[in-house]
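The values are calculated or read from the model by the stated rules, or taken from the named source; none is laboratory data. Remember, it's a predicted structure, so these values are computed and weren't measured experimentally. For neighbour counting, all protein chains shown are included, and Cβ atoms are generated from backbone atoms with ideal geometry for every residue, glycine included. Just the protein is used for accessible areas: all its heavy atoms, side chains included, with ligands, DNA and RNA removed. Shrake-Rupley method; radii C 1.70, N 1.55, O 1.52, S 1.80 Å.
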Amino acid sequence: MIRKLRMRLILLTMLAVLLVMVILIGGINVSNYRQVVSESDDILELLMRNGGTFEEHGRGKGPKEGLPPKPGMNGDDTLTDIETTIIVDDDFRSGKRSFMWLREDRIDSPELAYETRYFTVLFDESENAVLVDTGRISAVSESEAVEYAAKALDRKGSSGFIGDYRYLVGEPDENNCRMVIFRDCGIGLQNFRNFRNISIFVSLLCLIGVGILVFLASGRIVRPVAESYEKQKRFITDAGHEIKTPLAIITADAEVLEMEQSESEWISDIKAQTKRLSELTQDLISLSKMEETSTVLEMKDLDLSALLKSQTGSFGAVATASNKTISSNIEDGIHIQGDKKSIESLLSIVLDNAVKYCPENGHIDVSATRYKKGARIEVTNDTSETLSAEECKNMFERFYRTDASRNSETGGHGIGLSMAKAIVSKHKGRITAASGSEKKLTVTIQL
């Protein structure tokens, strides 16, 4: 139990740290990607407004062929204010992307025209390329530019990515011609990918580091719980042994009184309740010992088929006496490694529980089959009502009863299935209970 508690603590802590890292790193990377996209879209919209160039009065003017002139200079190296004006209005700056990190002076920068790698393709109304401009990019030929632009026209939406190129499809002009502009975002996307990969790698290292620290610290965290749990088990064991002596004396005194004063209702009640308390004490001691980590069972090869058939036969008479029927379908030759006394106790508990809680004229079915390298046992009994999933889950808790009123009718102390669970856990198996839509309860044991 303590080991499971420790593993659960480590798992929950790691999941919490992982969730925080995913939100943090994911948010940063998404923001970086949106920044690249937003910057490209702003530049493409600027180019689209200027007719596919950074110049207001057309492309090709300036001291260098194919490049926009430097701000403040014309082809004659004469200063001018309007030769290379870039159109950026207030609506553009305050548009839907204004919340991003692209600064206004980035668009206004005179170096933007020299830094941006782009190409444009103009299509007529028949979607034939009538103008191709690849003067500002060397990695794309005119034929490739037309191919890229044709793909962009075929796609839904006016913008997107084709490879590392961000494109923008313009609206038809008065001649029904459409311009497609591409910008090379390779450097921005590569920076984004590098940061993404580094952030993921660092996050994994941090997660491993946190996992190691939590693993080392979890022992200290659960130590008070472990100590309290061990003290509780020792108390049950010690108290049980202390109670056994006075119970034995009370039983002996009741028998002496019965011999001296003959049988009476009061003496019979004392003997019955003393016997019940003695059995409960013994069950609690056995359960506490079974749950102790120091308890070592004598594991050896067991013929589970023979043991289950013998136990089923013994409870057959009990079921018949209470107007109930029991049938079995047990596969022959099933062998497991286990402690014989514990397995016999396990089978007895499960069968006894099925007979007790099966209503009159009900039926109990017992089956056993090979399961992987072990065995699978199913004990199904009719019930007075359909049990909920929560009731089936809590059925293996100490003193739990689906109906407290059954206490006086069926006897028992409510710890039988807890004992069964402890035995199965010691054998590294699994025990579950389920109730379908019908009024039936199935206890499944995998060993």
Exercise for review: Name the single residue, out of those in the range 303-353 being in a loop (DSSP other than H, G, I, E, B) and acidic (D, E), that is farthest from N381 (Cα to Cα).
Suggested key: D339
Exercise for review: Filter the range 165-185 down to residues that are open to solvent by less than 50 Å² (accessible area, probe 1.4 Å) and free of Cβ contacts under 8 Å to residues at least 60 places away in the same chain and give me whichever is farthest from L122 (Cα to Cα).
Suggested key: Y165
Point to revise | Filter result for D184 (acidic (D, E), at pLDDT 75 or above and under 30 Å from I43 (Cα atoms)) | key: yes
Review point. Does G240 meet the test of being open to solvent by less than 70 Å² (accessible area, probe 1.4 Å), at pLDDT 90 or above and more than 33 Å from the chain's Cα centre (by Cα)?
Key: no
Practice item. Return yes or no: is F215 among the aromatic types (F, W, Y), open to solvent by 70 Å² or more (accessible area, probe 1.4 Å) and modelled with pLDDT under 75? Key: no
Review point. Does L308 satisfy being under 30 Å from S328 (Cβ atoms), modelled with pLDDT of 75 or more and touching a helix residue (DSSP H, G or I) at 6+ places or on another chain (Cβ under 7 Å)?
Key: yes
**Study point:** Considering residues of the range 385-441 that are assigned to a helix (DSSP H, G or I) and touching a Ser or Thr at 6+ places or on another chain (Cβ under 6 Å) only, the residue modelled with the highest pLDDT
**Key:** I423
Study note, to complete from the structure: Per the filter on the range 7-27, residues touching a helix residue (DSSP H, G or I) at 6+ places or on another chain (Cβ under 8 Å) and open to solvent by 70 Å² or more (accessible area, probe 1.4 Å) are L18
Point to revise | Yes/no for S262 being surrounded by fewer than 12 Cβ atoms within 10 Å (Cβ to Cβ) and either closer than 30 Å to V130 by Cβ or polar (S, T, N, Q) (or both) | key: yes
Study note, to complete from the structure: Within the range 360-384, residues exposed (fewer than 15 other Cβ atoms within 10 Å of the Cβ) and under 11 Å from L441 (Cβ atoms) come out as S384
Exercise for review: May I ask you to list the residues in the range 145-156 that are open to solvent by 50 Å² or more (accessible area, probe 1.4 Å) and farther than 21 Å from L189 by Cα?
Suggested key: E147, D154, R155, K156
